[in-house]
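Notes for the one structure printed next.
The values are calculated or read from the model by the stated rules, or taken from the named source; none is laboratory data. Just so we're clear, the structure is a prediction, and the values are computed from it rather than from any experiment. Every residue, glycine among them, receives a Cβ derived from its backbone with ideal geometry; neighbour counts consider all protein chains shown.
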Amino acid sequence: MKRRDFLKTSIAASTAILGTTVLSAGETRQPIDSRKVSDMAFPEKRPLITYSDRPPLLEAPRSTFTRGITENDEFFVRWHLPDIPTYIDPDKYTIKINGLVEKDLEISLKELKTDFEQVEVTAVVQCGGSSRSAFTPIPGGIQWGSGAMGCAKWKGVRLRDLLHKAGLKKEAHWIGFNGLEKAAYYKTPNFVRELEIHELDDHVIVAYEMNGEDLPYLNGFPLRLVLPGYYSDSWVKMLSDITVTDKYKSLFFMDMAYRVPDNKCECETPQHHFKPTKPITYMNVKSVIGYPENGMKVYHNSEIVVRGVAFDNGTGIKSVFVSADAGKTWEKALLKQENGRYAYTEFRFHHKPTKYGKLTFMAKAVNMLGKEQPFAKEIGWNHGGYKYNGIDEVTVEVV
Ligand SMILES: Nc1nc2c(c(=O)[nH]1)N[C@H]1C(S)=C(S)[C@@H](COP(=O)(O)O)O[C@H]1N2
Ligand SMILES: [Mo]
């Protein structure tokens, strides 16, 4: 890495923590995949793009979007609070269910694996702030490229079965989920999410396995909530408590973060923040190119296979179009959809470059409802930098 790049990277990382804007409109910027993986690896992880080590904030590089399933050791990591338990004894771990239930429950991991029906779902986990650094101007927050996402096969038990066993009282309306980690300052609230009962369908599971193995520690060992189709701020890790209430309790993360303007475009200007706001909930349609990467050199007249992944909230991907002329003309890519509607759809597209010099590929996904990705310059801006789904682009050099 050149020294200049190093400075840029570290400035981006430190300003992310201060939450200030790094670049404003019109300034030149690095492509969204310009950050390099770190030299250091966290336990159970290969070296990833590292924004902070306390709490760990790790992004997967672009190359991971060439595969329909993201491996556990390359899966991104996001924690809000620094004090993550350093040791968890799986034999002693329990999950508690209480509040407006007929019977309080405390279920061990073993009981969870033997007393309930085991179910599996392959689903995309994506932070609402993934691709934040592609917005213009760039909003404050972690300056994620597109790698704050991944797709895994999750195994666990249905949340509904657990709630059924506890027995919901008729006033039950909200369900709160809490993880084990603690804030460094006692005033910072725990990471808690609340969901309305009607939001929780059969696909919502409490998972203990990811791609056939125990959850990696940093991805929430030993249990996490899996909400297919939802942004991952609701996928509470190290899940220890489920509390049923009749009224919504005011909570920092749900009330302040992970919200967008409650208007049709979900947009606002940097000068005027729109109110009211609403939680980000369902993911919009998105595709990301995994290969090639920005700045690669490719041979004239050689066969290039553009590869990537597409997904939405579970409606399902209908087509992915690829452009090899910076968006002037589009052709349909070949799709591979073998893991269900909540998983990545893989796409590939063959192209033989016939001109020397710069070549820009773009990818645009369309879902079953006809919703498609907007061009980057048309995308609505919000100050949290959430839900970016602009058409991805990669520029290579034909030599
Ligand atoms: N307990 C707990 N769960 C959490 C969080 C957290 O800080 N603590 N962060 C959420 C957010 S915002 C994201 S993006 C995902 C990240 O999941 P991952 O680290 O497995 O990639 O976890 C979610 N679940
Ligand atoms: Mo997130």
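A few notes on this one:
- Looking across segment 216-249, the residues that are within 13 Å of ligand 2 (Cβ to nearest atom) and among the polar types (S, T, N, Q) come down to Asn219, Ser232, Ser234.
- Segment 269-288 residues that are farther than 30 Å from Lys336 by Cα, paired with ones that are modelled with pLDDT of 95 or more and polar (S, T, N, Q) (beta carbon under 7 Å, 6 or more apart): Phe274/Asn263
- Residue that is modelled with the lowest pLDDT, among those in segment 156-177 that are in contact with a Lys or Arg (Cβ under 8 Å, 6 or more places away or on another chain), of a type outside the set (Phe, Trp, Tyr) and over 28 Å from Asn211 (Cα atoms): His173
- Looking only at residues in segment 122-139 that are surrounded by 21 or more Cβ atoms within 10 Å (Cβ to Cβ) and part of a strand (DSSP E or B), the one that is farthest from ligand 2 (Cβ to nearest atom) is Ala123.
- Of Thr269, Thr315, all but one fail to be in contact with a Leu (Cβ under 7 Å, 6 or more places away or on another chain), part of a loop (DSSP other than H, G, I, E, B) and farther than 24 Å from Leu112 by Cα; the exception is Thr315.
- Scan of segment 44-66 for residues that are surrounded by 16 or more Cβ atoms within 10 Å (Cβ to Cβ) and either at positive phi or part of a loop (DSSP other than H, G, I, E, B) (or both), ordered by number: Glu44, Lys45, Pro47, Leu48, Pro55, Ala60, Pro61
- Of the residues in segment 293-303, at least one is surrounded by 14 or more Cβ atoms within 10 Å (Cβ to Cβ), out of contact with any Ser or Thr (no Cβ under 8 Å at 6 or more places or on another chain), aliphatic (A, V, I, L, M) and in the same structural domain as Leu334 (by TED's automatic domain parsing).
- Yes/no for Lys328 being free of Cβ contacts under 8 Å to residues at least 24 places away in the same chain, loosely packed, with under 13 Cβ neighbours inside 10 Å and in a strand (DSSP E or B): no
- Flag for Phe191 being over 19 Å from Lys92 (Cα atoms), surrounded by 16 or more Cβ atoms within 10 Å (Cβ to Cβ), over 18 Å from the mean Cα position of the chain (by Cα) and of a type in the set (A, V, I, L, M, F, W, C): no
- In segment 23-62, the residues that are of a type in the set (Val, Ile, Thr) and either within 23 Å of Val125 (Cβ to Cβ) or modelled with pLDDT of 95 or more (or both): Ile32, Val37, Ile49, Thr50
- Residue list for segment 71-101, restricted to those being away from ligand 1 (no atom under 12 Å from the Cβ), assigned to a loop (DSSP other than H, G, I, E, B), within 19 Å of Val206 (Cβ to Cβ) and not aromatic (Phe, Trp, Tyr): Ile88, Asp89, Pro90, Asp91, Lys92, Leu100
- Qualifying positions in segment 205-231 - surrounded by fewer than 21 Cβ atoms within 10 Å (Cβ to Cβ) and among the small types (Gly, Ala, Ser): Gly212, Gly229
- Taking (1) part of a strand (DSSP E or B); (2) crowded, with 17+ Cβ neighbours inside 10 Å; (3) away from ligand 1 (no atom under 13 Å from the Cβ) in turn, Leu163 satisfies each apart from (1).
- Qualifying residue in segment 198-207 (condition: in a loop (DSSP other than H, G, I, E, B), within 16 Å of ligand 2 (Cβ to nearest atom) and in contact (Cβ under 8 Å) with a residue 24 or more places away in the chain): no
- Just one residue in the set Phe221, Phe177 is outside any strand (DSSP E or B), over 22 Å from Pro61 (Cβ atoms) and within 13 Å of ligand 1 (Cβ to nearest atom); that residue is Phe221.
- Test: residue in segment 140-155 that is modelled with pLDDT of 95 or more, away from ligand 2 (no atom under 14 Å from the Cβ), surrounded by fewer than 22 Cβ atoms within 10 Å (Cβ to Cβ) and within 22 Å of the chain's Cα centre (by Cα): yes
- Contact map, segment 70-82: first residue more than 13 Å from ligand 2 (Cβ to nearest atom), second residue of a type outside the set (Ser, Thr, Tyr) and assigned to a helix (DSSP H, G or I), Cβ cut-off under 8 Å, separation 6 or more or different chains; pairs are Asn72/Asn219; Phe75/Asn219.
- Asn294 vs. criteria in contact with a helix residue (DSSP H, G or I) (Cβ under 9 Å, 6 or more places away or on another chain), part of a loop (DSSP other than H, G, I, E, B) and under 30 Å from Ile391 (Cβ atoms): yes
- Some residue of segment 67-79 being more than 20 Å from Trp235 (Cβ to Cβ) and crowded, with 16+ Cβ neighbours inside 10 Å: yes
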